[in-house]
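Notes follow once the structure below has been shown.
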Amino acid sequence: MQRTEVTTKETIKYRFPQDFWWGSAASATQTEGAANEGGKGKNIWDYWYEQEPNRFFNGVGPEKTSRFYETYQEDIRLMKELGHNSFRMSISWSRMFPEGKGALNQEGADFYNKVIDEMIAAGIEPFVNLYHFDMPLAMQEIGGWENREVVDHFVSYAETCFRLFGDRVKKWFTHNEPIVPVEGGYLYNFHYPEIVDFRKAVQVAYHELLSNAKAIEAYRKLGGDGQIGIVLNLTPSYPRSQHPQDVKASEIADAFFNKSFLDPAVKGEFPPLLVDILREYDYLPKMEQGDVETIKNNTVDLIGVNYYQPRRVKAKEYLPHPDAPFMPERFFDNYEMPGRKMNRHRGWEIYEKGIYDILINLKDNYDNIECFISENGMGVEGEEKFRDENGMIQDDYRIEFIREHLKWMHKAIQEGSNVKGYHLWTFMDNWSWTNAYKNRYGFVSVNLDQNAERTIKKSGYWFKSVTENNGF
Ligand code: BG6
C-alpha cells in the first residue's frame with residue numbers, strides 16, 4: 001500500500017479543546033459482512049435483499065459488505081494510524097440474538113468482546129450504538145417497532161450488552177437516527193417493510209422513543225457508570241422567506257423531523273406543536289399508563305448529532321387532495337433554494353453553517369447538553385478516477401467538506417457550545433443501504449474487486465494531521 005504523508009505547515013488557526021473526540025462512525029450491517037456466519041440471525045436487510053435484490057444499487061446486498069468481521073484487527077490498526085481516539089460502532093442485535101430474543105449467540109458476544117478489546121488496546125475509545133436500522137427479521141415478523149412487545153425485547157438485548165461490555169464501554173447510544181426507520185419503513189418507502197401508513201409511522205416513532213427511555217432506565221438500574229445517549233440526525237428546517245406562512249411551514253417540519261425525538265430525549269417532553277397536530281387529525285399513538293413518566297425520568301446524558309444537509313421548506317402551494325394519504329408534507333412543501341451548493345452524487349445540499357445552527361440551538365434551547373458531531377460526511381460516486389499513480393485517492397473535495405464544517409463547529413465552540421468531538425461518516429467505504437457501494441464516504445477506500453483491499457485516501461492523512469495538531 002502506497003502511503004504519502006500529507007503535511008500541513010500552516011500555523012494552527014482553528015484549535016480545538018483538549019481531549020476532543022476525533023474519529024469516525026460506522027454500523028454493523030454496513031461494515032461487518034458475514035451476514036450468515038458466526039451464528040447471526042437474519043435482519044430485515046438480509047431478508048429484503050433476498051426478496052427484492054433490484055432495490056439495491058448494482059444488485060449488491062448486505063452479505064459481505066466491508067468484511068470488518070474478518071478484518072477488524074487490521075481496520076482498528078488503520079484507525080489508530082489515522083489518529084482516531086474514538087470510534088462509533090454498532091452492535092448487530094441479530095448477531096447477539098438471532099431471533100431477537102431468547103438464547104444469546106455466544107459467538108456474536110465473543111466477536112464484540114474482541115473488537116472492543118482491540119480498540120481499547122489501540123487507545124481508541126469505543127462508542128457503542130445498539131440500534132442502527134437493523135431489526136432482526138424474527139422481530140419484524142411480529143411487527144417490528146409497531147409492536148410494543150419488541151420494545152421489551154430490545155431492552156433485554158440492551159441489558160445484555162450493558163452487562164457483557166459495560167465494564168469497558170463508557171459511551172452508549174440507544175439508537176442511530178430513529179426518525180429514519182419511520183421515514184424509510186413507514187412513509188417514503190426506502191427501508192423494509194416498505195409501508196406507507198402515517199398511523200403506523202407515529203406508533204413506530206413512539207415505540208422507538210419508549211425503547212430509548214426504557215434502555216436508559218435499565219442502564220441506570222444496572223449501575224452503569226458511563227454515559228448513555230442517542231444519535232439524532234438534526235436537520236435544520238430553513239424557511240424560504242420570513243413570510244409568516246413560510247416560517248410556520250418550517251416550524252412544523254422541525255416539529256416532525258427534529259423535535260419529535262430531540263425534545264423527548266433531552267427534555268422528556270413532547271413538542272406541543274406536534275402533539276396538537278396529531279391530536280387534531282386523530283393520530284396520537286397508543287400509550288400506556290406510566291409511559292409519560294418513564295420518558296420524563298429517563299432522558300439522555302449526551303446527544304450525537306448527525307448532520308449532512310439542511311431541509312428547506314415553504315408554505316404549501318396547493319392544498320392536499322382530501323383523499324391523499326396523510327403525510328407530514330400536508331403542512332409544507334420542500335423548497336429548492338436557487339444557487340444552493342450540492343453534492344450531486346448523493347443529491348444533498350451542502351450547507352456548512354447548518355452545523356453551527358444546530359449546535360447553537362442545542363446551547364440556547366436544550367440547556368447546552370453535552371453533544372458531539374457523530375456523523376458528517378460526503379458520499380462520492382466513482383472515486384477510483386481520483387486515484388493517483390501512487391494508488392492514493394486524492395479526495396480534496398472531502399478535505400474541503402470536513403474543513404469547512406469544522407470551521408463552523410469551531411465558531412460554535414467559541415460561542416460556548418458544549419460540543420465534544422467530531423466523527424466522520426465513515427472510516428472506510430461501506431455499504432450504504434439501498435445505495436450499496438454507489439457513494440463512497442470513507443477515509444479509507446475499499447476495493448471490492450481486490451478482496452476488499454484498503455488504501456488510505458488523502459483525506460485520511462489530512463485528518464491524521466488534524467488530530468495530531470488538535471486543529472488545522
Ligand atoms: C446516515 C446513517 O443516515 O447517513 C448511515 O446513519 C448512512 O447509516 C449515512 O450510511 C449516509 O447516508 P447514505 O444513505 O448515503 O448511506
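The values are calculated or read from the model by the stated rules, or taken from the named source; none is laboratory data. Keep in mind that what you see is a predicted model, and the values were worked out from it rather than measured. Note that we place each Cβ from the backbone using ideal geometry, even for glycine, and neighbour counts take in every protein chain shown. Accessible surface is based on the protein model in full, side chains and every heavy atom, while ligands, DNA and RNA are left aside. Shrake-Rupley method; radii C 1.70, N 1.55, O 1.52, S 1.80 Å.
Which of the residues that make up the stretch 259-273 are open to solvent by 10 Å² or more (accessible area, probe 1.4 Å) and either polar (S, T, N, Q) or under 13 Å from Lys296 (Cα atoms) (or both)?
Going residue by residue through the stretch 259-273, those that are open to solvent by 10 Å² or more (accessible area, probe 1.4 Å) are 259-260, 263, 266-267, 269-270, 272-273.
Passing the criteria: Ser260, Asp263, Val266, Lys267, Glu269, Phe270.
For the stretch 241-250, check the following and say yes or no: at least one residue is touching a residue at least 12 places away in the same chain (Cβ under 8 Å), assigned to a helix (DSSP H, G or I), of a type outside the set (D, E, K, R) and open to solvent by less than 40 Å² (accessible area, probe 1.4 Å). Spell out how you get there, then give the answer.
Step one: list which residues in the stretch 241-250 are touching a residue at least 12 places away in the same chain (Cβ under 8 Å), which gives 241, 243, 245-246, 248-250.
Checking the rest, the ones that are also assigned to a helix (DSSP H, G or I) come to 245-246, 248-250.
From the residues that got through so far, the ones that are of a type outside the set (D, E, K, R) too are 245, 249-250.
Those left that are additionally open to solvent by less than 40 Å² (accessible area, probe 1.4 Å): 249-250.
Yes, some residue in the stretch 241-250 is touching a residue at least 12 places away in the same chain (Cβ under 8 Å), assigned to a helix (DSSP H, G or I), of a type outside the set (D, E, K, R) and open to solvent by less than 40 Å² (accessible area, probe 1.4 Å).
Would you pick out the residues in the stretch 359-375 that are touching a Lys or Arg at 6+ places or on another chain (Cβ under 7 Å) and open to solvent by 30 Å² or more (accessible area, probe 1.4 Å)?
Passing the criteria: only Glu370.
Among the listed residues Trp433, Trp408, identify the single one that is under 24 Å from Glu370 (Cβ atoms) and either buried (at least 17 other Cβ atoms within 10 Å of the Cβ) or modelled with pLDDT of 95 or more (or both).
On the way: Trp433 fails: under 24 Å from Glu370 (Cβ atoms).
Just a single option satisfies the conditions, and that option is Trp408.
Go through the stretch 392-403 and give me each residue that's β-branched (Val, Ile, Thr) and part of a helix (DSSP H, G or I).
At the first step, the residues of the stretch 392-403 found to be β-branched (Val, Ile, Thr) are 393, 399, 402.
Scanning the stretch 392-403 gives Ile399, Ile402.
Only one of these is away from the ligand (no atom under 16 Å from the Cβ), modelled with pLDDT of 95 or more, closer than 21 Å to Asn212 by Cα and not in a helix (DSSP H, G or I): Gly100, Gly83, Gly123. Name it. Before the answer, list the steps.
Numbers: Gly83 fails: closer than 21 Å to Asn212 by Cα; Gly123 fails: closer than 21 Å to Asn212 by Cα.
None of the others qualify; the one that does is Gly100.
Please tell me if Gln227 is surrounded by fewer than 20 Cβ atoms within 10 Å (Cβ to Cβ) and either over 25 Å from Asp301 (Cα atoms) or within 16 Å of the ligand (Cβ to nearest atom) (or both).
Details: surrounded by fewer than 20 Cβ atoms within 10 Å (Cβ to Cβ): yes; either over 25 Å from Asp301 (Cα atoms) or within 16 Å of the ligand (Cβ to nearest atom) (or both): no.
Against the criterion (surrounded by fewer than 20 Cβ atoms within 10 Å (Cβ to Cβ) and either over 25 Å from Asp301 (Cα atoms) or within 16 Å of the ligand (Cβ to nearest atom) (or both)), Gln227 does not qualify.
Within the stretch 431-460, take every residue that is of a type in the set (S, T, N, Q) and over 18 Å from Ser27 (Cα atoms) and give me the one that is nearest to the ligand (Cβ to nearest atom).
So in the stretch 431-460, the residues of a type in the set (S, T, N, Q) come out as 432, 434-435, 439, 445, 447, 450-451, 455, 459.
The next check asks that each one be over 18 Å from Ser27 (Cα atoms); those that pass are 447, 450-451, 455, 459.
Details: Asn447: 19, Gln450: 22, Asn451: 23, Thr455: 21, Ser459: 16 Å.
It comes out as Ser459.
Can you pull out the residues in the stretch 126-172 that are open to solvent by less than 10 Å² (accessible area, probe 1.4 Å), of a type in the set (Ser, Thr, Tyr) and more than 16 Å from the ligand (Cβ to nearest atom)?
Residue satisfying the conditions is Tyr157 alone.
Going through Val204, Val180 one at a time, which residue ends up being within 16 Å of the ligand (Cβ to nearest atom) and not basic (Lys, Arg)?
On the way: Val204 fails: within 16 Å of the ligand (Cβ to nearest atom).
Going through Val204, Val180 in turn, the sole match is Val180.
Table: residues versus (1) within 16 Å of the ligand (Cβ to nearest atom); (2) open to solvent by less than 40 Å² (accessible area, probe 1.4 Å); (3) touching a residue at least 60 places away in the same chain (Cβ under 8 Å).
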position: Val292; (1), (2), (3): no, no, no
position: Tyr318; (1), (2), (3): no, no, no
position: Asp323; (1), (2), (3): no, no, no
position: Pro338; (1), (2), (3): no, no, no
position: Met342; (1), (2), (3): yes, yes, no
position: Arg346; (1), (2), (3): yes, no, yes
